[in-house]
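*Asks:* Structure below; questions to follow.
The values are calculated or read from the model by the stated rules, or taken from the named source; none is laboratory data. All values derive from a computational prediction rather than experimental measurement. Methodologically, a virtual Cβ is constructed for each residue, glycine included, from the backbone with ideal geometry; neighbour enumeration extends over all protein chains shown. All accessible areas refer to the heavy atoms of the entire protein, side chains included, with ligands and DNA or RNA removed. Shrake-Rupley method; radii C 1.70, N 1.55, O 1.52, S 1.80 Å.
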Protein chains: 2
Amino acid sequence: MNTVFGVTNEIDTERLQGIAAQLRIHSITATTAAGSGHPTSCLSSADLVAALFFGHMRYNPKDPKHYNNDRFILSKGHAAPLLYAAWAETGLFPASELTKLRRIDSDLEGHPIPRLPFADVATGSLGQGMSVGVGMALCARLDKLDYKTYVLLGDGEIAEGSVWEAASLAGIYKLNNLVVIVDVNRLGQSQETAFGHQMDVYEKRFSAFGWRTEVIDGHDMDEILEVLAADGLGEQPLVILARTYKGAGVSFLQDKDNWHGKPLNKEEAAKAIAELQPKAQSGVGVEIPSPNELSAPNNTAPAAYPPLNYKLGDLVATREAYGTALTRIGEVDPRVVAMDGDTKNSTFSEKFFKKFPDRFTECFIAEQNMVGVATGFGARGKVPFASTFATFFSRAFDQIRVAGISMANLKLVGSHVGVSIGEDGPSQMALEDLAMMRAVVGSTVLYPSDAVSAEKLLEVMAQNRGIYFLRTSRPKTPVIYNNDEQFPVGGAKVLRQNPGDKVTVVAAGVTLFEALKAADALKNDGIGITVIDAYSVKPLARDVIKAAAQKTNNLILTVEDHYPEGGLGDAVAGELSADGVQVHKLAVMELPRSGKPEELMARYGINADAIVRKVKSLS
Amino acid sequence: MNTVFGVTNEIDTERLQGIAAQLRIHSITATTAAGSGHPTSCLSSADLVAALFFGHMRYNPKDPKHYNNDRFILSKGHAAPLLYAAWAETGLFPASELTKLRRIDSDLEGHPIPRLPFADVATGSLGQGMSVGVGMALCARLDKLDYKTYVLLGDGEIAEGSVWEAASLAGIYKLNNLVVIVDVNRLGQSQETAFGHQMDVYEKRFSAFGWRTEVIDGHDMDEILEVLAADGLGEQPLVILARTYKGAGVSFLQDKDNWHGKPLNKEEAAKAIAELQPKAQSGVGVEIPSPNELSAPNNTAPAAYPPLNYKLGDLVATREAYGTALTRIGEVDPRVVAMDGDTKNSTFSEKFFKKFPDRFTECFIAEQNMVGVATGFGARGKVPFASTFATFFSRAFDQIRVAGISMANLKLVGSHVGVSIGEDGPSQMALEDLAMMRAVVGSTVLYPSDAVSAEKLLEVMAQNRGIYFLRTSRPKTPVIYNNDEQFPVGGAKVLRQNPGDKVTVVAAGVTLFEALKAADALKNDGIGITVIDAYSVKPLARDVIKAAAQKTNNLILTVEDHYPEGGLGDAVAGELSADGVQVHKLAVMELPRSGKPEELMARYGINADAIVRKVKSLS
């Protein structure tokens, strides 16, 4: 019985070793049945996972989402069969399900995703789990809960920079409720990792990043339990560096090359299981300590938001409206938290930070981790708003992509879009963000033109679960909507429309005002155009736009401060081309340069003059 | 005169201090003239840059691209005016140009880009310069040249994980020809950095990542020169951690908050210049040591490539054809180098690695750095091919975006695309890579269906400068083209076409074979379809596709193993909708799951049956 450092649950070391053997058997059986998968990557982690799930963590196995359960994130998602085996052994579902691994009729996929109640986030793109863990650990602190967050990493994924972004922030915020375990099994996919079993290299790195480090034999159950029992000591996050062997526990697999991502054939599996079976014990019946009964966090949505107070014609940048809205919404919605990447004085998230410093996380210049942190907050019931220059979300595209697979509740707000930012030049201009965010599965992409629509769309974002992207602009634009106007997702506003209009111009953000100017200029020439504010880029208001187009001889002109690929023009063409609508596009067709906003919009052909010229060429 | 450690050029410390003052004056004058910019971020680095450019580096100032010039990368690109000032003081262009900073008629943009002959790459998205420097340092070693690569970072950008990816690889490969200087000026954009002037934090981190570290006063010219004179000692890369002050040299700016990214007004500028002027000296006339005369690298393109040797019907995955082609091309093209992120046995870049180990860089699981390393090789005349699972290039989207601004020579090859990878599940499936890569300015996006087209397109990639993306597939597909078929960029192949065809089906990769199967099935029902292989997704063969569509009543059906946003369907609709072509799309419309490739292609409606159904509904 393990009693070191007041460990919470009482269980034989031998029983845990038996459970580890059973998890190994499940991992082999499942991958052999599937005919694919990563059994040897499961085997190196089996003792660690057995110790965590059956000898250390506090959680209610019948309620994986309990607000005060310890969290476990399998960052090395390719060891999914091991995770599934552990939960099966807790009794959550029958172990017989495990042999359905990777089948189209099973939720036990090749890598875990939140279709499973115990997977808070999708993993499988390496190096992302730690950022999510940082978000959860910060959330526990905010909610005054005592659950801990455990993240299991492989050693190969330590090469990902996102790991060091997360490590740095955890060190800065002294997250002593976060425990990272690194399964240092020495072998990567295509060769040995850079550092093999040089445990001191990992130790120095984590130590330099502000962590308490413990190096252990990852197959010695007593050592594992001992170091886990002492987690949370001190003021630093803890990393347990576990020296392990890939394929551990099976003589012909252990520490052997060329076994990455390969299932055993039936004979090999039988041989391996014959080695493991004598030790194997079930986890079912092990008493798992319940989470402490603390007050559940208040994660209830408000009934209504305080009203807006703009006057038509007020000049307000949509990025500033974002800061105002976030603060206004945050006052009545305790779920709202925010984070930024050292741009808060530009994105205006600073307004929220000043009012609610406890609910704001400065993530410094590390966008990958920021998105992971936000995803972690979202997975714990918060409504996280992460902001930076829109183009710097491209730094975190993989994290956003995986958030899509996680079906996460994640709100991204990107400022400084397009050539209309002016003199800073192309490195700071988001010109591909619409393409990027539209391509995220399940995403909603919003692009307001004035302060009222920006604020109202932010309400929509706070109210609705899912991945939302709000594209805000740097220049000040006039308020054109009344304070009580509604902006449903999938809607659009027809701002100008008269019988005999020649073309329907679809615009958003700064180009909307160019379209309105063009409408005035064309009117003087006796040419009418319909002008639509496509504030909802995805989903697009296809019916509104189609109906307008049908009244203008099926002619549409899109105008966007974005490259022509994957943005507003492609969205409209992709949706409506099948209906026989003809979509012409104005967009930034080449690499832009520094200059004044109005000079750049003229030079790259997305201003009122360009619209006038194009409309005249079409009509 | 500085003689410590055999420094190469002879110059007074006082003169260098004077040049630093002059660079400060230029930085202030230029940003005040522009009315925007980051003067205080220039001032903190001025002594370091003066020392490098006029007291240490070996280079030909009249030929910034000389093959053996020391390289200087301004990773903190917002200090652009300082870089411009330094080159002006070398005499490359008149200092009077500096006041055109950020103007639309000047190449002196807000952040440096390679329109300028001395900017090897664009910077401005922080944390990217070091990876490029690692690539250059590796290239110098490959080319047996003795130039050194200097990278100047800000302290804020150290939070970016890409910095630690680069630091780790430089440590692993012991790049003692790489020198990183960190301008630790303490102040970020919106607040103090996490570590302020705690130089020991930075020292421990770099040391743990395998670097020799030197901490200096970044405003003490003697200290700067001394530590530079000792660079390249030992077997490790060197990081110089320079303690500096933002706004240094001007009493009312130095170490003051709220001066980030703000120009001085005219009065403030005059006051600052009055402080600096008495010390200021020009750099013009300083003798800069020439690079050593070593053999120039052989970076000449070959006249021809060895022939292919496939038989029609051979079953070969395009990812495997990539490995074969790279090796075949590499045999005759010495410029070709390759790198991978520990997936070389899956992407088949391993074939090249085995044949040319010296020309291959294992980058481990760190895709951001891999893309930066490739960009660095490309900037030094090589033709770099970087490969990983296509979806993991999303990890490096910002680096790829900036490579677009750099007008880089960069070849990306992404494998394992779409649901056709099967059981590994959505985290490993590239379903948004076409959207991402199409949106990169100046990019070319290629998607072969068989081994011949894959190999021929790789020849095109090797021959032509620019950013190219090759999308390869996991499943084996039959060879359908003859070995001498040509595949020009912007082309397409019409594989089936008969009078009376009802619909033009545009496909690529695995869906092409589904379209061919569908054509056979529909033929039995008396329905003809035109089938086009759109191997060039960007630029698209708009004329070929349009001509085919016009023969099928302007009806097009696109089929792609990709989400519907920003991929092949949007590309075709975006290009051809204006011509009255009606584009219908089949694509993966929801988050997919694990399963067998054929099951998934059926379930998500991109197989032959789905095409048959859709064509029937249209005709």
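*Asks:* Given A:SER443, A:SER449, which one is among the hydroxyl-bearing types (Ser, Thr, Tyr), farther than 18 Å from A:ARG395 by Cα and either within 14 Å of chain B (Cβ to nearest Cβ) or in contact with an Asp or Glu (Cβ under 8 Å, 6 or more places away or on another chain) (or both)?
*Replies:* A:SER449
So that you can scan it fast, the table gives a plain yes or no per residue for (1) farther than 27 Å from B:GLY330 by Cα; (2) among the polar types (S, T, N, Q); (3) modelled with pLDDT under 95:
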residue: B:PHE469; (1), (2), (3): no, no, no
residue: B:THR477; (1), (2), (3): no, yes, no
residue: B:GLY490; (1), (2), (3): no, no, no
residue: B:ALA507; (1), (2), (3): yes, no, no
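*Asks:* Now a separate question. Mind listing whichever residues of region B:423-440 are of a type in the set (Asp, Glu) and more than 7 Å from chain A (Cβ to nearest Cβ)?
*Replies:* Result: B:ASP433, single match.
*Asks:* Would you please name the residue that is most open to solvent (accessible area, probe 1.4 Å), looking only at residues in region B:424-465 that are of a type in the set (Val, Ile, Thr) and part of a helix (DSSP H, G or I)?
*Replies:* B:VAL460
*Asks:* Within region B:269-316, work out how many residues are touching a helix residue (DSSP H, G or I) at 6+ places or on another chain (Cβ under 8 Å), open to solvent by less than 70 Å² (accessible area, probe 1.4 Å) and not in a loop (DSSP other than H, G, I, E, B).
*Replies:* Going through region B:269-316 one residue at a time, the tally reaches 5.
*Asks:* Moving to a separate point now. Here are A:VAL180, A:VAL163, A:VAL121: which of them is more than 13 Å from chain B (Cβ to nearest Cβ) and either among the aliphatic types (A, V, I, L, M) or more than 27 Å from A:ALA396 (Cα to Cα) (or both)?
*Replies:* Exactly one of A:VAL180, A:VAL163, A:VAL121 is more than 13 Å from chain B (Cβ to nearest Cβ) and either among the aliphatic types (A, V, I, L, M) or more than 27 Å from A:ALA396 (Cα to Cα) (or both), namely A:VAL180.
*Asks:* Out of everything in region B:124-153 that is away from every other protein chain (no Cβ under 14 Å) and small (Gly, Ala, Ser), what residue ends up being nearest to B:GLY466 (Cα to Cα)?
*Replies:* So, considering only residues that are away from every other protein chain (no Cβ under 14 Å) and small (Gly, Ala, Ser), the one nearest to B:GLY466 (Cα to Cα) is B:GLY135.
*Asks:* Given the conditions (1) open to solvent by less than 10 Å² (accessible area, probe 1.4 Å); (2) away from every other protein chain (no Cβ under 14 Å), which single one is not true for A:THR504?
*Replies:* Of (1) open to solvent by less than 10 Å² (accessible area, probe 1.4 Å); (2) away from every other protein chain (no Cβ under 14 Å), only one is false for A:THR504: (2).
*Asks:* If the requirement is being on the phi < 0 side of the Ramachandran plot and more than 9 Å from every other protein chain (Cβ to nearest Cβ), which of these qualifies: A:THR343, A:THR361?
*Replies:* Testing whether each residue is on the phi < 0 side of the Ramachandran plot and more than 9 Å from every other protein chain (Cβ to nearest Cβ) leaves just A:THR361.
*Asks:* Just wondering, is there one or more residues in region B:562-577 that are farther than 30 Å from A:ARG103 by Cβ, polar (S, T, N, Q) and open to solvent by 50 Å² or more (accessible area, probe 1.4 Å)?
*Replies:* So far as region B:562-577 goes, no, none of its residues is farther than 30 Å from A:ARG103 by Cβ, polar (S, T, N, Q) and open to solvent by 50 Å² or more (accessible area, probe 1.4 Å).
*Asks:* Quick check on my filter: what residues within region A:226-268 are part of a loop (DSSP other than H, G, I, E, B), at pLDDT 95 or above and small (Gly, Ala, Ser)?
*Replies:* A:GLY247, A:ALA248, A:GLY249, A:SER251
*Asks:* Determine if region B:580-587 includes at least one residue that is more than 20 Å from A:ARG401 (Cα to Cα), touching a Lys or Arg at 6+ places or on another chain (Cβ under 8 Å), open to solvent by 10 Å² or more (accessible area, probe 1.4 Å) and within 8 Å of another protein chain (Cβ to nearest Cβ).
*Replies:* Yes - at least one qualifying residue is present in region B:580-587.
*Asks:* I would also like to ask the following. Name the residues in region B:212-231 that are open to solvent by 30 Å² or more (accessible area, probe 1.4 Å) and farther than 13 Å from B:VAL182 by Cβ, would you?
*Replies:* B:ARG212, B:ASP217, B:HIS219, B:ASP220, B:ASP222, B:GLU223, B:GLU226 - these are the residues of region B:212-231 that are open to solvent by 30 Å² or more (accessible area, probe 1.4 Å) and farther than 13 Å from B:VAL182 by Cβ.
*Asks:* Among the residues of region B:200-225, what is the count of those that are among the charged types (D, E, K, R), more than 14 Å from chain A (Cβ to nearest Cβ) and either touching a strand residue (DSSP E or B) at 6+ places or on another chain (Cβ under 8 Å) or assigned to a strand (DSSP E or B) (or both)?
*Replies:* Result for region B:200-225: 4.
*Asks:* Those residues that are within 9 Å of another protein chain (Cβ to nearest Cβ) and of a type in the set (Ser, Thr, Tyr), I need them from region A:588-619; list them, please.
*Replies:* Correct list: A:SER594 only.
*Asks:* Being in contact with a strand residue (DSSP E or B) (Cβ under 7 Å, 6 or more places away or on another chain) and either more than 14 Å from chain A (Cβ to nearest Cβ) or free of Cβ contacts under 8 Å to residues at least 12 places away in the same chain (or both): is that true of B:ASP105 here?
*Replies:* no
*Asks:* Consider B:TRP87 against the criteria (1) open to solvent by less than 10 Å² (accessible area, probe 1.4 Å); (2) over 20 Å from B:GLY35 (Cα atoms); (3) outside any loop (DSSP other than H, G, I, E, B): it satisfies all of them except one. Which criterion is unmet?
*Replies:* (1)
*Asks:* Residues in region A:397-413: is at least one at the interface with chain B (Cβ under 8 Å from one of its Cβ atoms) and basic (Lys, Arg)?
*Replies:* yes
*Asks:* Quick one: which strands (runs of 3 or more DSSP E) lie wholly within region B:325-392 and hold at least 3 residues that are in contact with a strand residue (DSSP E or B) (Cβ under 6 Å, 6 or more places away or on another chain) and open to solvent by less than 10 Å² (accessible area, probe 1.4 Å)?
*Replies:* Per the criteria, B:336-340, B:383-389.
*Asks:* OK, next. Taking the conditions exactly as written (assigned to a helix (DSSP H, G or I) and either crowded, with 20+ Cβ neighbours inside 10 Å or aliphatic (A, V, I, L, M) (or both)), does B:ILE181 satisfy them or not?
*Replies:* no
*Asks:* Residue by residue through region A:10-37, note down the ones that are open to solvent by less than 10 Å² (accessible area, probe 1.4 Å) and on the phi > 0 side of the Ramachandran plot.
*Replies:* Hit for region A:10-37 is A:GLY37, nothing else.
*Asks:* Please state which of the following conditions A:GLU157 fails to meet, knowing it meets all the rest: (1) of a type in the set (D, E, K, R); (2) closer than 24 Å to A:GLU367 by Cβ; (3) over 22 Å from the mean Cα position of the chain (by Cα).
*Replies:* (3)
Listed here are the residues, each with its yes/no results for (1) in contact (Cβ under 8 Å) with a residue 24 or more places away in the chain; (2) farther than 19 Å from A:VAL337 by Cα; (3) open to solvent by 10 Å² or more (accessible area, probe 1.4 Å).
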position	(1), (2), (3)
A:GLU97	no, yes, yes
A:GLU109	yes, yes, no
A:PRO112	yes, yes, no
A:GLY124	yes, yes, no
A:LEU138	yes, no, yes
A:LYS148	yes, yes, yes
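*Asks:* From B:GLY77, B:GLY156, grab the single residue that is closer than 30 Å to B:SER394 by Cβ, out of contact with any helix residue (DSSP H, G or I) (no Cβ under 7 Å at 6 or more places or on another chain), at pLDDT 95 or above and within 12 Å of chain A (Cβ to nearest Cβ).
*Replies:* Exactly one of B:GLY77, B:GLY156 is closer than 30 Å to B:SER394 by Cβ, out of contact with any helix residue (DSSP H, G or I) (no Cβ under 7 Å at 6 or more places or on another chain), at pLDDT 95 or above and within 12 Å of chain A (Cβ to nearest Cβ), namely B:GLY156.
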